[in-house]
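Visitor: I have a structure here, written as structure tokens, and I will follow up with some questions on it.
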Amino acid sequence: MSTNKLKIIPLGGVGEIGKNMTAIEYGRNILIIDAGVMFPEHDMLGIDLVIPDYAHYLKDKKDWVRGIVVTHGHEDHIGALPFLLSEVDAPVYATGLTAGLVELKLQRRGLTGQVSLKIIKPNDQVTVGGLFEVEFFHACHSIPDAVGVAIRTPAGLIVHTGDFKFDYTPAWGDPPDFGALARFGHEGVLALLSDSTNADNPGFTPSEKTVDEGLNKVFREAQGRIILATFGSLVSRVQQIINAAHRHGRVVAIDGRSLEENVERARSLGYLDVPPGVLVELSKLKGRPDHQIAIIATGSQGEPGAALSRMSSGRHRQITIKKGDTVVMSSRVIPGNEQIVGRAIHIRFQQGARVIYGKTGNVHVSGHASQEELKLLLSLVKPRYFIPVHGELRHLHAHAELACAQGIPDDHIFVVENGQVIEFDEAGARQTDRIPGGWVFVDGSSVGDTGPVVLRDREILSQDGFVVALVRRDEKTGELLRQPHIITRGFIFVKENLDMIERAEAVVREAVLNNRKDPQTAIRKALSEMLYNETHRRPMVLPVVVED
Ligand SMILES: [Zn+2]
Ligand SMILES: [Zn+2]
């Protein structure tokens, strides 16, 4: 090994679900694996997307990036590519479907033609930047054409699983490539980065095939229309729905533009098999009997703007949920959204629809490996060092425990958060500096080509959370049109601190009325001071002043 050190830096997706991104650095060379987004929490007002904070890390190193490897086409792996690629000039390596979905993204942001997209297949080996030997291997997940990567570096072999499950009867393609994994293990793996999403889930994740049975049952029993909510990128699920509909003599209409575009792209690339006449336009459903109709819609998380919510609330132009409909929620509920989804389900029950969701309906299975599969992977790959990725801290810790039980010493396991540098040399491996990181919020209307508009300091957020002070005032008189409203996250439990919230609202009111010229600064100052005096903590204060 030369004097250069190998560095692995998870830039996103550790300590959280979403916005996965990892950098591998050796000498003046960087290889990036995935660049995804996270969907904003429900109280991040006006925020469309959250992307990884790669800006700090890449500040002086943009021209070190030799390539970007993308494991599969899910948003949490490709969503940030348009932003990254408007700053970094490097080829993107991806399989056919993944590349197709990336291209669609680049088109939407007006970046087509500016990016070199290199299409690879499982088992391909490419040399990136004259240094990294990257080998792709087939992986089973909830989208076709997913891969993991093995990267040979001067310091040793790194294996990154991407998202995976060990599915012996996948909805698309072959079972997992156990041969390749065993081969890496035999060759000797310096470090393994592995999907931790279901690391706290005992046993095996059921096969995608079980969803076929669940969907068949739904299609067999439903008398009226069937409306299925899922994620746009769950291409395999869309295939399963189309198959079930075809089998039971129903047509399928797709609602939601991005969903429609993804399906069209997957179909034109040969990853979706649609029998003639099965897909019809939503507007062509009129006059067709209910028992011949299936609709795939967005909104599996109860998002207010999505098709399914509009259908339930009568805000949808063509479809309103009615008695006799069967509503199928065929995707995972993102942690944190349970309440909203629960409420949405409740509304649909009230409207007389039959609602089928979760494990009980057999209409969704996870695309991620459970404990037994993770153990099997560890025993095949036999890494010297282990870095659990793709999960909240509790998932990463659960995964670390599994690795420990399989004989990987504690000090060879790195449970880290975004931006933590892990360094490898002949003396071993260790955590070194932590690159300051944050959440980069993207406000769709103002991003365009300029890139991320708002940067938040992660340290403050992770320690003390944040407080939003919402104020509406009259444009001319400056009078308040409403009581100021306080929203907090990661700071205090609101229900137990209603008195303090009231005092905070009073402070904001005062600040606005006394500082008509610059209410933002006044709010920030007064509220920070008051909150610190009462709690001895310093949450980030975000004043939002709306003028009417
Ligand atoms: Zn995925
Ligand atoms: Zn993922």
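Visitor: Taking a cut-off of 45 Å, what percent of all Cα-Cα pairs in the chain are separated by more than that?
Guide: Working: 28828 of 149878 pairs.
For the chain, the fraction of Cα-Cα distances above 45 Å is 19 percent.
Visitor: For region 84-140, state what percent of all Cα-Cα pairs lands in each successive 5 Å bin, counting from 0 Å until the bin that includes the largest distance.
Guide: Final binned percentages: 4, 17, 25, 24, 16, 11, 2.
Visitor: Over the C-alpha atoms of region 324-416, what are the Rg and the largest Cα-to-Cα span, Dmax, in Å?
Guide: 18.8, 58
Visitor: At most 13 other Cβ atoms within 10 Å plus a DSSP loop assignment makes a site exposed; report the longest stretch of the chain without any exposed chymotrypsin sites (Phe, Trp or Tyr not before Pro). Let's see the in-between values first.
Guide: Numbers: sites that count: Y168, F493.
Counting only loop sites that pass the neighbour cut-off, the longest clear stretch is 169-492.
Visitor: In region 487-543, which trypsin sites (Lys or Arg not before Pro) are in a loop and have at most 13 other Cβ atoms within 10 Å, using DSSP for the loop call?
Guide: Those that pass, being in a loop and sparsely packed, are R516, K517, R537.
Visitor: Nearest 20 debye, what's the magnitude of the dipole of the chain about its Cα centre given +1 on Lys and Arg Cβ and -1 on Asp and Glu Cβ?
Guide: Working: 61 positive and 68 negative charges, 326 e Å.
In debye, rounded to 20, the chain gives about 1560.
Visitor: Hey, any idea what % of region 161-271's accessible area is carbon plus sulfur with a 1.4 Å probe?
Guide: 51 percent
Visitor: Additional query: What whole number of Å gives the distance from the Cα centroid of region 82-160 to the Cα centroid of region 371-421?
Guide: 24 Å
Visitor: Can you pull out the GluC sites (Glu not before Pro) in region 196-288 whose DSSP state is coil and whose Cβ has at most 14 other Cβ atoms within 10 Å?
Guide: Here the GluC sites (Glu not before Pro) that fit, given the DSSP loop and packing criteria, are E281.
Visitor: Then there's this: Exactly which trypsin sites (Lys or Arg not before Pro) in region 249-315 are in a DSSP loop and have at most 16 other Cβ atoms within 10 Å? Numbers along the way, then the final one.
Guide: Values: sites: R250, R257, R265, R267, K284, K286, R310, R315; in loops: R250, K286, R315.
Taking region 249-315 and a limit of 16 other Cβ atoms within 10 Å, the loop trypsin sites (Lys or Arg not before Pro) found are K286, R315.
Visitor: Could you grab the relative contact order for the chain? Cα pairs under 8 Å, six or more apart, rounded to a whole percent. Walk me through the numbers on the way to the answer.
Guide: Values: 1225 pairs, mean separation 84.0, N = 548.
Here the relative contact order equals 15 percent.
Visitor: Something else: Could you work out the helix-only [θ] at 222 nm for the chain, with each DSSP H run of four or more residues adding -39,500 (n - 2.57) and the total divided by the number of residues, to the nearest 500 deg cm²/dmol?
Guide: Value at 222 nm, helices only: -9000 deg cm²/dmol.
Visitor: Listed here are the pairs K121/K375; K209/K322; K165/K375; which of them are more than 23 Å apart at the Cα?
Guide: K121/K375; K209/K322
Visitor: Follow-up question, since we're still on this one. Roughly how many Å² is the accessible area per residue of region 267-394, as a whole number, for a 1.4 Å probe?
Guide: 48 Å²
Visitor: Here's something else I'd like to know. How many percent of DSSP beta bridges within the chain run antiparallel, rounded to 5?
Guide: Among the beta bridges of the chain, antiparallel pairing accounts for roughly 50 percent.
Visitor: Could you work out the percent of alpha carbon pairs in region 55-155 separated by over 24 Å, rounded to a whole number?
Guide: Details: 1086 of 5050 pairs.
Value for region 55-155: 22 percent of Cα pairs lie more than 24 Å apart.
Visitor: Among 474-480, 108-114, 240-246, how do they line up from the highest to the lowest mean number of other beta-carbon atoms within 10 Å?
Guide: Ranked by mean Cβ neighbours within 10 Å, highest first: 240-246, 108-114, 474-480.
The values are calculated or read from the model by the stated rules, or taken from the named source; none is laboratory data. These figures come from a predicted structure and were not determined experimentally. FYI the Cβ positions are ideal-geometry reconstructions off the backbone, even for glycines, and counts take in every protein chain you see. The area values use the complete protein model at the heavy-atom level, side chains included, leaving out ligands, DNA and RNA. Shrake-Rupley method; radii C 1.70, N 1.55, O 1.52, S 1.80 Å.
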